[in-house]
Amino acid sequence: ELPADEEPDTEFVRSARAVGVLWAVCSLCFAIIQVVILVQPSWIGTADIRPPQPSGTLGLFEVCLESDWPVPDCRGGLSSLSPLPSFQSVAVLVGVSLWAVWTSVLCLCLFRFCSAATVYKICAWLQLTAAGFCLALACLLFPDSWESPEMRALCGDSVRTNTVRGNCSVHWAYILAILGVLDYTILATLAFVLANRQDALLDHGSADDGMNTR
């Protein structure tokens, strides 16, 4: 059995590792979800309406209208990664956020070369500033483009900036992007906490080493 003074440190390390694994898994999962948020044409969609009014969904890259075929008729530049003209700035911000969160995931490889505290801090700043801030700004700017020709063609002329009227409503991709801002904030905060715990563990280990050399 370990001495009594070493048991708290052992539990400290185990709990930190368990939370660190959970944080890494959540970061990877949301990095995958971020790809879906970017490419899916489900930011805005029509309600249950009757012909001849159009029915479909709209994203940053495509406008998809329901057709007689099982597959909707999508128009846009997803294949060439060209966003719709009215949503270019939003697509760029979501793309930067996507780059940042995947960079934070790839930084997990640095655990072999750097201290855990340093890696956690790098990932935390990436998730908080680049990922979280850019995604939040994209969510704020998206309603400013609701008077675009694409929105009017799908939702009608009653659509206004910051207000979805007519035949449309906010769909799951936009809601998921808003929730992503909260998720990034939680993940970044957790990474900072893990970094501080690693620093505290190193300081405690250095103090023990200093006492043993006396």
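Computed from the coordinates by the stated procedures, all read-outs in this text should not be read as laboratory data. Predicted, not measured: the structure shown is a model, and the values here were computed from it. Glycine also receives a Cβ, built like all others from the backbone with ideal geometry; neighbour counts cover every protein chain displayed.
Would you please give the residues with an amide H less than 5 Å from that of GLY56, counting only those at least 5 places away or on a separate chain, with H modeled from the backbone geometry?
THR46, GLU66
What residues have an amide H closer than 5 Å to that of TRP146, excluding those fewer than 5 places away on the same chain, when H is modeled at 1.01 Å from N in the peptide plane?
Amide H neighbours of TRP146, under 5 Å, 5+ apart: ASN162.
In the P(r) worked out for the range 80-169, what percent of Cα pairs fall beyond 17 Å?
Cα-Cα pairs of the range 80-169 separated by over 17 Å account for 60 percent.
What FRET efficiency, computed as 1/(1 + (r/R0)^6) with R0 = 25 Å and r the Cβ-Cβ distance, is obtained for SER115 and ILE175, rounded to the nearest 0.05?
My answer for the efficiency is 0.10.
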